[in-house]
Amino acid sequence: AFDEAEEASWLLIDDALNVLAGEGSYGIREPNPATRFHLWVYRARPDVAAIVHTHPPAASALAAAEQPLIVAHMDATPLFEDTAFLGQWPGLPTADREGEVIAGALQSKHALLLAHHGLLAAGRSVQEAAFLAVFMERMARQQIDAAAVGGSKPIDPAEARRARDFLRTDRIMNITFDAWCRKTERRRGML
C-alpha cells in the first residue's frame, strides 16, 4: 500500500527488469512486470525524469466510460493542451507492445488518461509528475460531479493557456508538493 511504502521497499531495476538494488516489500524482490511500459516512456521522452501511474477512483471511472478529461475549471488548467487520451487500451501492460502504444499515445504531452485503466503523469521531476497526477484525479472527480448538473464546459482556450502558464511553473508545483509533504508528515507524526 502507498501509505506503507518506504525507501527501503524500493527496487532499482535495469531495462531488463533485473533488480540492481533494494530489498523490496516484505522481502519480495520481484519487480512488477507492468513497470516495463514505463521504460518505453523514458526511452521516448528524455525530458521525463519521473512517472506516476495509478488507478484512482475518479480517473478510473472516466477511463471505464471512455471519456477524456475536459479542462473545465481553473484547477484543471495545468493540464490544458498537455493531456492525451488513449481510447483503445492494449491490455495488461507487461509486454513491449503495450509500452510502444502508451509512449506513442503520450507523445509530447505530460499526462495521459488510458481507457479502461487509469492515469499516467510524466514529469521533469517527481514534483511535477505528482502535481499532474493529483490534479488529474481531482478534475476527473469534478467532471463526474458536474455531469449531474449539466456536464463540464471547457474553459476559454486563451484563459486556460494563461492560467496554465502561471500554475505550471516550477515554483507553484514545488510549493504545492511541499505542502502535501508537510501534510503527510503531520499525519504520520513526523512534524
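Give the residue from MET74, SER108, LEU120 lying farthest towards the positive end of the charge dipole for the range 49-179; charges sit on Cβ (+1 for Lys and Arg, -1 for Asp and Glu) and the dipole is referred to the Cα centre. Working it through, the farthest residue towards the positive pole turns out to be MET74.
Residues of the chain were split at every exposed loop site, defined as GluC sites (Glu not before Pro) in a DSSP loop with at most 14 other C-beta atoms within 10 angstrom, and the longest piece left, sites excluded, is 82-191.
Only one of the listed values, [x] 9; [y] 19; [z] 27, was derived from the coordinates as percent of Cα pairs over 31 Å apart; which label is it? Answer by label: [y].
Taking only Cα atoms of the range 2-47, what ratio of Rg to Rh do you get with Rh as the Kirkwood inverse-distance radius?
Working: Rg = 11.7 Å, Rh = 11.6 Å.
My calculation puts Rg/Rh at 1.01.
For the range 19-73, the pair-distance distribution built from all alpha carbon pairs, in bins 10 Å wide starting at 0, is 17, 30, 38, 13, 2 percent.
The length gained on full extension between ALA179 and GLU66, counted as 0.36 nm times the residue separation minus their Cα-Cα distance, comes to 37.4 nm. Protein heavy-atom accessible surface, 1.4 Å probe, per residue over the chain: 56 Å².
With a 1.4 Å probe and all protein chains left in place, how much of the accessible area of the range 35-191 comes from carbon and sulfur atoms, in whole percent?
Its accessible area is 56 percent carbon and sulfur atoms.
Only helical DSSP H runs with n ≥ 4 go in: add -39500 (n - 2.57) per run for the chain, normalise by residue count and round the 222 nm mean residue ellipticity to 500 deg cm²/dmol. Rounded to the nearest 500, the figure is -13000 deg cm²/dmol.
The values are calculated or read from the model by the stated rules, or taken from the named source; none is laboratory data. It should be emphasised that the depicted structure is a prediction, and the values quoted were computed from it without experimental measurement. Here Cβ is always computed from backbone atoms with ideal geometry, including for glycine, and neighbour counts include all displayed protein chains. Surface accessibility is based on the protein's heavy atoms, side chains included, excluding ligands, DNA and RNA. Shrake-Rupley method; radii C 1.70, N 1.55, O 1.52, S 1.80 Å.
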